[in-house]
Amino acid sequence: MANGFDPRVSAAPTTIGRESVAVDAGLRSYMLSVYNYMASGVLLTGIVALLFARSGMAQEVLGGPGILKYLIMFAPLGFILVLSFGINRLSTGTAQLLFWAFATVMGLSMASIFLVYTGTSIAQTFFATAAAFAGLSLWGYTTKKDLSGFGTFLIMGVVGLLVASVINIFLQSGTMQLVISFVGVLLFAGLTAYDTQRIKSMYFHVAGTDMMGKTVIMGALSLYLDFVNMFTFLLSFMGSRD
């Protein structure tokens, strides 16, 4: 007689259980690697920014004219483009090296915040951003809701934000800057949850392949950019100027 559950047949459930445990353990290790790279990159950026600002060189280089100023400002974008479009041709070791170089150059670029805002307000904003990032990333990791539909909307929003920022360079509108900062916080908050879920789903496509290490780096880069941008826009609200 057919039976939907036969207690004598234990092989299939046992195998499935072991596979599930293996997947869970692999996923946890994968996500931990992503977060470790991301956090280490943020820490490296912060240390470089602080040291560069304290050295007095930041004021001289970033505060005055010269090609070096613009090289530091736009170099991070170059690293992002190389990693994003060349990741398939890069080795894992090269991708890691480029990630650390990117975090270092970002530190040089972000040293300017120490010239504008007080150290206390920077620290307060950093911890507020870290708390928000942790909550949003945890939600993105655990939610059963499919966030993929929000991806296009969020990316289009970032493009619009970039255009508005360029326009405001010429307008120099304080009100427009506040609106840009507010929208920026919301967009990168959404991207934090979206990217976390996307990075998690990528594990099931790359597990056991040569792309695993490179996917970790790209995932860390995405979350790094979400964190740093959310921090920068939030600093516009919470930051106290010197």
Failed condition for residue 141, given (1) closer than 23 Å to residue 61 by Cβ; (2) hydroxyl-bearing (Ser, Thr, Tyr); (3) surrounded by fewer than 20 Cβ atoms within 10 Å (Cβ to Cβ): (1)
Qualifying positions in region 87-105 - small (Gly, Ala, Ser) and without any contact (Cβ under 8 Å) to a residue 60 or more places away in the chain: 91, 93, 101
From 164, 189, residue being under 30 Å from residue 116 (Cα atoms) and touching an Asp or Glu at 6+ places or on another chain (Cβ under 9 Å): 189
Residue in region 189-209 that is surrounded by fewer than 17 Cβ atoms within 10 Å (Cβ to Cβ), over 29 Å from residue 26 (Cβ atoms) and either out of contact with any His (no Cβ under 6 Å at 6 or more places or on another chain) or not hydrophobic (A, V, I, L, M, F, W, C) (or both) present: no
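Count, please, the residues in region 64-122 that happen to be assigned to a loop (DSSP other than H, G, I, E, B) and surrounded by 14 or more Cβ atoms within 10 Å (Cβ to Cβ).
4
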Of the criteria (1) surrounded by 13 or more Cβ atoms within 10 Å (Cβ to Cβ); (2) at pLDDT below 70, which one residue 26 fails: (2)
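Can you tell me which of 80, 72 is among the β-branched types (Val, Ile, Thr) and touching a residue at least 40 places away in the same chain (Cβ under 8 Å)?
Among 80, 72, only 80 is among the β-branched types (Val, Ile, Thr) and touching a residue at least 40 places away in the same chain (Cβ under 8 Å).
The values are calculated or read from the model by the stated rules, or taken from the named source; none is laboratory data. A quick note: this is a predicted structure, and the numbers were derived from the prediction, not measured. Don't worry about glycine lacking a Cβ; one is built from the backbone with ideal geometry, like all the others, and counts go over all protein chains shown.
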